[in-house]
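The values are calculated or read from the model by the stated rules, or taken from the named source; none is laboratory data. Nothing here was measured: the structure is a model prediction, and the numbers come from that model. Heads up, the Cβs are rebuilt from the backbone with ideal geometry, glycines too, and the neighbour counts pull from every protein chain shown. Side chains are part of the model used for accessible areas, which takes the heavy atoms of the whole protein and leaves out ligands, DNA and RNA. Shrake-Rupley method; radii C 1.70, N 1.55, O 1.52, S 1.80 Å.
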Amino acid sequence: MPITLSKSVHQVIREVGEVGQYLWQKGWAEKNAGNLSVDITDHIAITPAKLKKFPVKPIAGLLPEFAGRSYLVTGTGTRYRDIQNHSSECLCVLQISGDAKGFHLFWGGKREGFKPTSELPSHLLMQNSLRKSGAKEKVVLHTHPNELIALTHLSETAGEEKLNYALWSMIPEAKIYVPRGIGWVPYRLTASQELAKETVKALERKHKVVMWEKHGVLAVGKDAIEAFDLIDAMNKAAILYLLCKQTGQTPQGLSREQIDEIGRMFAPKD
Ligand code: 2HA
Ligand code: ZN
């Protein structure tokens, strides 16, 4: 028996499809780049009897506190650009089993050999960190925004302090939308535990956007659109910085005093 998802989960899926299109149009989602998870526990009511019909797939190293939590996640090897028209092939809904030793996949994943993103353990670590801190963010989105990645390759803008100053100095909205700046994670191997752990540390420092040096960005949001918007705003600042540099000049930029003033006027409330 297929499971019927609530209207609210379908809305979440629609938003993820919409954001998948944006990421593709922006050129931030080549091939199967990126991955995404949404904590939809509050929108899922499936009886244990029904859940049991979906065999547990093992997953190592989960803490007991994950038991019973439900997530919408992208599939490994799936493309952001395909989500909108093929959501049940590119996404799945899974619930962590009662003993937290695996998950029941009970919606989507309708593709030969489908597996949730290989970054699932990392996403779960990040989701858990958000939940434990009482954050309202439910979405963890990873993508490859070109200009932001480019800045991590330049010594002038590599590193948390230099990157944030360069971005904030380009346009007031960069400071307004991302007042705590982008958290910096030094280069770590893709899909590694080290990368996940360093990212969790950045989330604990209350960063909503995290730069993975020479790789990409991870952002969190109440919904997929919000996570996308944060990256878009910062990538716009990165584009402006590089546009200025292309003239052969160094951008004047807003001063530190001007950025601080914006920071005071638009201080984050959480
Ligand atoms: O999912 O982007 O970092 C593919 C990736 C891994
Ligand atoms: Zn990536």
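So which residues in region 29-87 are of a type in the set (Gly, Ala, Ser) and either in contact (Cβ under 8 Å) with a residue 40 or more places away in the chain or in a loop (DSSP other than H, G, I, E, B) (or both)? Once the filter is applied, which keeps residues that are of a type in the set (Gly, Ala, Ser) and either in contact (Cβ under 8 Å) with a residue 40 or more places away in the chain or in a loop (DSSP other than H, G, I, E, B) (or both), region 29-87 yields 29, 33, 34, 37, 45, 60, 61, 67, 68, 75, 77, 87.
Restricting 140, 217, 209 to residues that are within 16 Å of ligand 2 (Cβ to nearest atom), under 22 Å from residue 260 (Cβ atoms) and touching a residue at least 12 places away in the same chain (Cβ under 8 Å) narrows the list to 209.
With respect to residue 80, is the statement that it is over 15 Å from residue 12 (Cβ atoms), aromatic (Phe, Trp, Tyr) and either open to solvent by less than 20 Å² (accessible area, probe 1.4 Å) or in contact with a Pro (Cβ under 7 Å, 6 or more places away or on another chain) (or both) true? Yes: the conditions hold for residue 80.
Residues that are at positive phi and more than 13 Å from ligand 1 (Cβ to nearest atom) do not occur anywhere in region 47-54.
Considered as a group, the residues in region 172-204 that are touching a strand residue (DSSP E or B) at 6+ places or on another chain (Cβ under 6 Å) and under 14 Å from residue 137 (Cβ atoms) include one that is farthest from ligand 1 (Cβ to nearest atom), and that residue is 178. Among the residues of region 167-200, those identified as assigned to a helix (DSSP H, G or I), in contact (Cβ under 8 Å) with a residue 12 or more places away in the chain and surrounded by fewer than 22 Cβ atoms within 10 Å (Cβ to Cβ) are 172, 173, 176, 177, 193, 195, 196, 197, 198, 200. In this entry, residue 190 passes the filter for residues that are closer than 26 Å to residue 119 by Cα and among the β-branched types (Val, Ile, Thr).
Quick one: in region 63-77, which of the residues that are under 20 Å from the mean Cα position of the chain (by Cα) and not small (Gly, Ala, Ser) is surrounded by the fewest Cβ atoms within 10 Å (Cβ to Cβ)? The qualifying residue surrounded by the fewest Cβ atoms within 10 Å (Cβ to Cβ) is 76.
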